[in-house]
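What follows is calculated from the coordinates using simple rules that are stated; it is not laboratory data. Quick caveat, the model's predicted, so the values are computed rather than measured. Here the Cβ positions follow ideal geometry from the backbone for every residue, glycine too, while neighbour counts run over all protein chains shown.
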Amino acid sequence: MGVAKQKGTLRRAWIQYCFWCLAFLLLLGTICMYRIFSTHLPKQKAVSYLDLESFYVPYPNKYRFILDQPHVCELRNPYVVIIVPVAPHDVQARNAIRSTWGNDSLVKDGDVLVLFLLGLPSGSDFIAQQLHIHQENERHRDLLQSNFIDSYRNLTIKTMVMLEWLRDHCLQAYYAAKVDADMLLNVVALTQMLLGPSGYHTNYITGLVWYENVVIRDPSSKFYIPYEVYPKPVYPPYPLGMCYIISMDLPEKILDVSKKIKPIFIEDAYIGLCLEQLRITPTNPPNIEQFVVKPPEEYDRCYYSDLIAVITNSPAQLVSYWTDLQKPGPACNEGTRI
Ligand SMILES: *[C@@H]1O[C@H](CO)[C@@H](O)[C@H](O)[C@H]1NC(C)=O
Ligand SMILES: *[C@@H]1O[C@H](CO)[C@@H](O)[C@H](O)[C@H]1NC(C)=O
C-alpha cells in the first residue's frame, strides 16, 4: 500500500511539473508573439515621423551659389537658356554636351545659352573633385554650383535652386529649358518649336506630359511615396524631368507657391504639385513624337533627324549620334520618310 501511495504522489508531482512547464512555455510564447507583433504591426501601419522626413528634401534653405555666372544672361541675351543638372563628377557628360549640341560656336547669334548645374561633390575625394570643378569652370565658364550635397534624393533642391537662379539672373530670356545630361538635344528644332506660329506664351510649360501618373506604394521601389506623404492615388499632370521648357514668368510663380507645398524628392512630380496649385496645366509640345524617352534599339538617321529631345545611354553614344546627324546630305533616303 505504502509503495503504491508513494507512486501516486510521484505521478502527481510529475503531472504538476509538466503543467508548470507547459504554462511557462505558453507564457513565453505569448510574450514572444506580443513582441513580434508589437514591433512589426505598427511599422506597416504608420511610417514613423523620422522615416517620413526622408521622402522630403531640405528646402527652402539658405543655399547659395559657390560657382556662379551672374552676368552671363545680360551679356549674351539668350532667347532660351538651357540648364543641365548634372552630377559633380560627371565631367564626361558635360564634355559630350560641350562638344555637341552645347557648343557655343554652333549655337548662332547667342540665341541659346547652355549652363550646367551642380551641387556639392561627396565621398572621400570631395576636395579633389571640387578642385577639378573649379579648374573646369576656369576653362569653360559655364558652371553653376550650389552648396547642397548633390545626390539623387536631393534632385528637387537642384530644380528649386535652378528656378531661383533663373528668377534672379535671367529674366531677359524668353524661355528656360531643363535638360538632363544624357539627352541628345536638337537646339535648332527646339528654338523653331518655341518660335512657332502660336507666338510667345506665358504660364507655359511643355515637355512630355505625364497624366494620371500613379503614385508608387511599393516600399521597395525607387519612387515609393507613403500615403502619409501624398495621399492621392495619382499625381497631377507634369512634364517628364528629362526635358521641359518653361516661360520665364514661371520660375517666380513656382517658387512662390512652393512655400505652401512641402517638397517631395521626386522633382518632376513636385513641379506637378506646384503647377496644380497655380492652376497651370502643362501643354504637350506641338509634335509630341519629337520628345522620346525610349528610342528604338537601332539608330536611324532619318528618325533622329526629326527629334528635339531623346535619351541616350552614354556620352559616347551622344557624341556618335550627334556627329552622324551633322554629316551633310539628306537625313532620309527618298521614300523612307513616312
Ligand atoms: C566647337 O566647335 C568648333 C567648330 O566645329 C570646334 O573647333 C571646337 O573645338 C568645339 N568646341 C568644343 C568644346 O568641342
Ligand atoms: C541633401 O542636401 C542637404 C544639404 O546639403 C544635406 O544635408 C543632405 O544630407 C542631402 N541629402 C542627401 C540624401 O544627400
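Across region 69-80, coupling constants 3J(HN,Hα) worked out from phi with the 6.51/-1.76/1.60 Karplus curve, θ = phi - 60°, read 10, x, 10, 5, 6, 4, 5, 9, 6, x, 7, 10 Hz, and Gly and Pro carry x.
I need the shape label for region 198-338. Rule: rounded when a/c is under 1.5, else prolate if a/b > b/c, else oblate, with a, b, c from the alpha carbon gyration tensor. Prolate is the answer for region 198-338, as a/c is 1.5 or above and a/b outweighs b/c.
Rg and Dmax over the alpha-carbon atoms of region 94-140 stand at 13.3, 43 Å. When the helices of the chain are scored as -39500 (n - 2.57) per DSSP H run of n ≥ 4 and the total is divided over every residue, the value at 222 nm lands at -13000 deg cm²/dmol.
For the peptides 301-308, 169-176, 244-251, the ranking by mean Cβ contacts within 10 Å, running from highest to lowest, is 244-251, 169-176, 301-308. Would you please classify the overall shape of region 92-218 from the alpha carbon gyration tensor, given that a ≥ b ≥ c denote the square roots of the eigenvalues, rounded means a/c under 1.5, and beyond that prolate means a/b larger than b/c while oblate covers the rest? Since a/c reaches 1.5 but b/c is at least a/b, the shape of region 92-218 is classed as oblate. Unpaired Cys in the chain, meaning no second Cys C-beta under 4.7 Å: Cys18, Cys21, Cys32, Cys243, Cys274. Figure legend: label point modelled 7 angstrom from the Cα of Asn61 along Cα→Cβ; residues of region 269-289 with amide N under 19 Å from it are 270-271.
With q set to 0.06, 0.10, 0.15 Å⁻¹, the log10 of I(q)/I(0) for the chain, from the Debye formula over equal scatterers at the Cα positions, is -0.31, -0.66, -1.33. Computed from backbone phi, the HN-Hα couplings of region 265-281 come to 6, 7, 5, 6, 5, 5, 4, x, 4, 5, 4, 4, 5, 7, 6, 10, 9 Hz, rounded to whole numbers (Karplus: 6.51 cos²θ - 1.76 cosθ + 1.60, θ = phi - 60°; Gly and Pro given as x). Look at the alpha carbon pairs under 8 Å that are at least 6 residues apart: their mean separation over the length of region 81-138 gives a relative contact order of 46 percent. For region 146-230, the percent of C-alpha pairs falling in each 10 Å distance bin, counted from 0 to the bin holding the largest distance, reads 12, 32, 37, 17, 3. Phi angles of region 199-207 translate, via the Karplus equation with coefficients 6.51, -1.76, 1.60 and θ = phi - 60°, into HN-Hα couplings of x, 6, 10, 10, 6, 10, 9, 9, x Hz per residue; Gly and Pro are given as x. Once the Cα atoms are used to define both axes, helix 315-326 deviates from the longest principal axis of the chain by about 30 degrees. For the chain, the relative contact order works out to 19 percent when only alpha carbon pairs closer than 8 Å and six or more residues apart are counted. For region 238-297, the normalised intensity computed at q = 0.20 Å⁻¹ comes to -0.81 (log10 of I(q)/I(0), Debye sum over alpha carbons, equal scatterers, no solvent).
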